[in-house]
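Presented below is the structure to which this report refers.
The values are calculated or read from the model by the stated rules, or taken from the named source; none is laboratory data. Just so we're clear, the structure is a prediction, and the values are computed from it rather than from any experiment. Here the Cβ is made from the backbone with ideal geometry for all residues, glycine too, and neighbour counts use every protein chain on show. Only protein heavy atoms, including side chains, enter the accessible area calculation; ligands, DNA and RNA are left aside. Shrake-Rupley method; radii C 1.70, N 1.55, O 1.52, S 1.80 Å.
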Amino acid sequence: MTKYSYFLLLCCSLLLGGCQSVEQLSIDYMLPAEVSFPSSLRRVAVVNNMPPILDNQLIVEETDEKKKDQTEVARKTGYFNGNAQIATESLAEALAHENYFDEVVICDSALRANDMIPRESTLSKDEVEELTENLAVDFLIALENVQIRSLRKIEFFPDWRMYVGTLDVKVYPTVKVYLPQRTGPMVTVSANDSIFWDHTSSNMTSASSGLITDENMLKEASEFAGVIPVKHLLPYWTTANRYLFTGGSVNMRDAAVFVRENNWEQAIELWKQTYEKKKKGKQKMYAAYNVALGYEMQDSIYKAEEWALKAQKVAYEIDKIEEKKNQSTVDFSDVPNYLAVTRYLNALQERKEGMTRLNAQMQRFKNDF
């Protein structure tokens with residue numbers, strides 16, 4: 001369990017108090033990309049602009065004799081160049097899968113394959129214009145580099161009498177966006193992400209040999225490298241957990257029934273009644289929190305923020321934040337209501353801040369998403 005998950009569970013248990021009950025819901029919503037493309041850019045070519053590399057792609061391999069903990073038996077770190085062809089194809093396929101551009105084409109040939117001497121990887125203005133014209137596209141997305149770092153470890157767990165081999169791989173792709181008639185790239189995206197393998201055996205040699213080979217790891221990591229930059233280039237969907245308070249009063253229980261029927265409007269009306277009826281206390285906070293969630297589930301982020309602020313104000317009073325400001329130490333268990341509501345408020349405000357960029361990025365679809 002992650003520290004974040006533990007925090008949420010602890011906050012929820014503290015929030016519940018006596019008979020209050022809670023349900024976990026999932027919500028899917030879209031987040032904006034780091035890069036915003038004008039809606040006029042509809043056809044893109046993905047090109048391989050990585051330098052040629054040797055067949056043996058291992059750059060350096062290190063054996064670290066210093067173990068990080070008592071269970072560790074051995075470790076080995078390797079640094080590799082990724083497979084440019086696999087990564088470029090993966091990038092083009094991932095972009096096409098998102099259906100954001102009208103057309104995604106791929107330039108199969110490595111642009112620097114015939115270089116006799118090393119040169120800067122950045123494409124020149126003339127090269128960009130020639131490629132966009134020949135490929136009949138509006139702009140280019142070029143794969144410039146893929147670096148891979150692998151960490152192989154063998155650990156022995158005496159209580160299980162088992163060896164566990166692990167391979168943790170960090171992948172670092174770099175892509176650049178080029179527009180014709182513009183000197184230099186429009187933007188450079190340097191991203192990273194991790195993939196992981198493990199294998200368990202009663203034998204140390206088997207725990208190691210059972211892991212994926214470097215050759216196959218490089219293929220899978222290179223394919224993964226093409227997917228990583230996409231969420232930085234295009235708007236993307238994400239799934240988040242939300243919490244719904246369902247007990248403590250007839251209105252709260254009846255509202256939960258409406259939620260199960262996906263009737264958020266009726267549920268919101270009942271929660272608002274509870275909020276207005278209660279002068280203070282947790283039921284008032286739960287009601288305001290639920291109203292905020294109800295509006296968020298209907299994509300009314302501004303109204304959701306308004307009600308989350310109301311819930312935060314009640315939580316501020318419940319946890320006596322004003323009195324605790326002068327205390328030398330305050331643990332999060334001392335202010336569970338305020339922290340839980342504030343965390344949700346922060347998530348809403350993050351969504352709100354990205355809405356302007358997201359709407360601009362989705363104009364090509366007339367904001368139908």
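Going by average Cβ density within 10 Å per residue, which order do the peptides 244-252, 23-31, 176-184 take, highest to lowest?
Result, highest mean Cβ count within 10 Å first: 244-252, 176-184, 23-31.
Using θ = phi - 60° and the Karplus form 6.51 cos²θ - 1.76 cosθ + 1.60, what ³J(HN,Hα) does each residue of the range 201-210 get, whole Hz, x for Gly and Pro?
So the J values, rounded to whole Hz, are 7, 7, 10, 4, 5, 5, 4, 7, 5, x.
Assuming 0.36 nm per residue, please report the length gained on full extension of the stretch Glu265 to Asn216 beyond their Cα-Cα distance.
Length gained, Glu265 through Asn216: 12.4 nm.
Tell me the carbon and sulfur percent of the accessible area for the range 271-369, rounded to whole percent, probe radius 1.4 Å.
Summing carbon and sulfur atoms, their accessible area is 46 percent of the total for the range 271-369.
Do any trypsin sites (Lys or Arg not before Pro) in the range 275-369 lie in a DSSP loop with no more than 11 other beta carbon atoms within 10 Å, and if so, which?
Lys279, Lys280, Lys325, Lys366
Distance cut-off 30 Å, Cα to Cα: go down the list Lys231/Lys272; Lys279/Lys324; Lys231/Lys310; Lys272/Lys366; Lys310/Lys366; Lys176/Lys366 and report the pairs above it.
The answer is Lys231/Lys272; Lys231/Lys310; Lys272/Lys366; Lys310/Lys366.
Can you order the peptides 93-99, 285-291, 265-271 by their average number of other Cβ atoms within 10 Å per residue, highest first?
Per-residue mean Cβ counts within 10 Å order the peptides as 285-291, 265-271, 93-99.
What percent of all Cα-Cα pairs in the range 118-240 falls in each 10 Å bin, counting up from 0?
P(r) for the range 118-240, in whole percents per bin: 12, 29, 25, 18, 10, 5, 1.
Pop a pseudo-label 7 angstrom from the Cα along the beta-carbon direction at both Ser300 and Val257 and give the gap in nm to one decimal.
Rounded to a tenth, the inter-label distance reads 2.3 nm.
Give me the net charge for the shell around Asn326: Cβ to Cβ below 15 angstrom, other residues only, Lys and Arg +1, Asp and Glu -1.
Result for the neighbourhood of Asn326: -1.
Go ahead and run the numbers for FRET between Thr239 and Asp126, Cβ-Cβ distance against an R0 of 51 Å, rounding to 0.05. Intermediate results must be reported in sequence, preceding the final value.
On the way: r = 45 Å, r/R0 = 0.87.
FRET efficiency, Thr239 to Asp126: 0.70.
Accessible area per residue, 1.4 Å probe, Å², for the range 104-257: what's the number?
51 Å²
Test of understanding: extend the Cα→C-beta vector of Phe156 to 7 Å, then name every residue of the range 172-213 with backbone N under 14 Å from that spot.
201-208
Stick to Cα atoms and the Kirkwood definition of Rh, then tell me Rg/Rh for the range 217-369.
In the range 217-369, Rg relative to Rh is 1.10.
Could you give the nm distance between label points at Asn99 and Gln363, where each point is 7 Å from its Cα heading toward the beta carbon?
2.3 nm
I need the calculated FRET efficiency for the pair Glu323 and Val250, taking r as the beta carbon distance and R₀ as 30 Å, to the nearest 0.05.
The calculated FRET efficiency here is 0.35.
Chymotrypsin sites (Phe, Trp or Tyr not before Pro) within the range 122-167: which are DSSP loop residues with at most 12 other Cβ atoms inside 10 Å?
Values: sites: Phe139, Phe156, Trp160, Tyr163; in loops: Trp160.
Answer in residue order: Trp160.
For Glu276 and Glu34, what does the FRET efficiency come to when R0 = 35 Å and r is the distance between their Cβ atoms, rounded to the nearest 0.05?
Once the sixth-power term is evaluated, E becomes 0.25.
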